[in-house]
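These notes concern the structure reproduced below.
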Amino acid sequence: MIGRLALLVALCLPAAGRAASVDVALVLALDSSSSVNRDEFFLQTQGIAAAFADPEVQAAIDAGPKGTIAVAIMEWSHPTRQNLSLDWQLVTAGNAAAYAESVSNMPRYIEGGGTAVGAALLRAGAVVDAVPHQAARKVIDLSGDGKTSAGPPAAPIRDSLVVRGITINALAVVNEEPDVDSFFARDVIGGPGAFVEVARDYDDFVNAIKRKLLRELKPEPLVAAIISPRQ
């Protein structure tokens, strides 16, 4: 219990509940649909944990004007099956390893259901709206291995989020549907510097999420939306 309390204290900055100014408010939206088995979901969370524990990612956080980002993690599948798994927490280079541990221990709250990309974007936008900090940039980072099979189409929701100043990036896992990266590029990503990162499979997720975070943490985003080449 003491260890958990210390972890929460380390992640709750600044003191007295005052709103912080952060470089990026980032929602990580993880695919938890029926195409993602337990091992594959575990690889997603462990990949995120490994990225935040990585010195290069920690240095990128520290290099921002504020040296602080805000992160929330949600799961998504069917339009009625979404969960905010880790609410907004402030992450710095100093507490990123502790945050990585909290992600590593995060259970899976949703299992199965259709692939509702549009509904996931809608919920992620609501999570962004609820960020209790002042953010220079707001980013949704949606990961998935399939195109929309349930719920509303993604593109109109994407457009409405971009109008509100939210950038949407995507991480396409191409083991189930080889053209899912093209779908994400066409219907999902948007905003300044938006891009699709590609993972060959869930084993490659750990490398892809690190590459993605490093790009998202750059103070000046890229000016054009591109798809990262497969390696």
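Here is how the numbers come out for the structure above:
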read-out: Calculated FRET value between residue 218 and residue 34, using beta carbons and R₀ = 22 Å, to 0.05; value: 0.05
read-out: Calculated FRET efficiency for the pair residue 130/residue 155, C-beta based, R₀ 25 Å, to 0.05; value: 0.55
read-out: Descending semi-axes in whole angstrom, ellipsoid equivalent of the range 104-207, from the Cα gyration tensor; value: 21, 16, 15
read-out: From the coordinates shown, Kirkwood radius over Cα pairs in Å corresponds to which of [x] 18.2; [y] 19.1; [z] 17.3; value: [z]
read-out: Contact order relative to length of the chain, as percent, for alpha carbon pairs under 8 angstrom and 6 or more apart; value: 23 percent
read-out: Length gained when the stretch residue 104-residue 63 is fully extended (0.36 nm per residue, less Cα-Cα span); value: 12.3 nm
read-out: Within-10-Å neighbourhood charge of residue 125 [Cβ basis; K, R +1; D, E -1]; value: +3
read-out: Radius 13 Å from Cβ of residue 158, net charge of other residues (Lys, Arg +1; Asp, Glu -1); value: 0
read-out: Length released on extending from residue 83 to residue 97, taking residue separation times 0.36 nm less the Cα-Cα span; value: 2.7 nm
read-out: Estimated FRET transfer efficiency (residue 21, residue 211; beta-carbon r; R0 35 Å; 0.05); value: 0.85
read-out: Cross-link partners of residue 210 among lysines (Cα-Cα below 21 Å; sequence separation of 8 or more within a chain); value: 66, 138, 218
read-out: Carbon and sulfur %, accessible surface of the chain computed with the full protein complex present, 1.4 Å; value: 56 percent
read-out: Per residue accessible area in Å² of the chain, where ligands, DNA and RNA are left out and the probe is 1.4 Å; value: 43 Å²
read-out: 10 °C / 1.306 mPa s Stokes-Einstein diffusion coefficient of the range 123-176, Kirkwood radius on C-alpha pairs, µm²/s; value: 127 µm²/s
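The values are calculated or read from the model by the stated rules, or taken from the named source; none is laboratory data. These numbers come from a predicted model, not from an experiment. Cβ sites come from the backbone with ideal geometry, for glycine too, and all protein chains shown count toward neighbours. Each accessible area value is taken on the protein alone, full model and side chains, heavy atoms only, with ligands, DNA and RNA left out. Shrake-Rupley method; radii C 1.70, N 1.55, O 1.52, S 1.80 Å.
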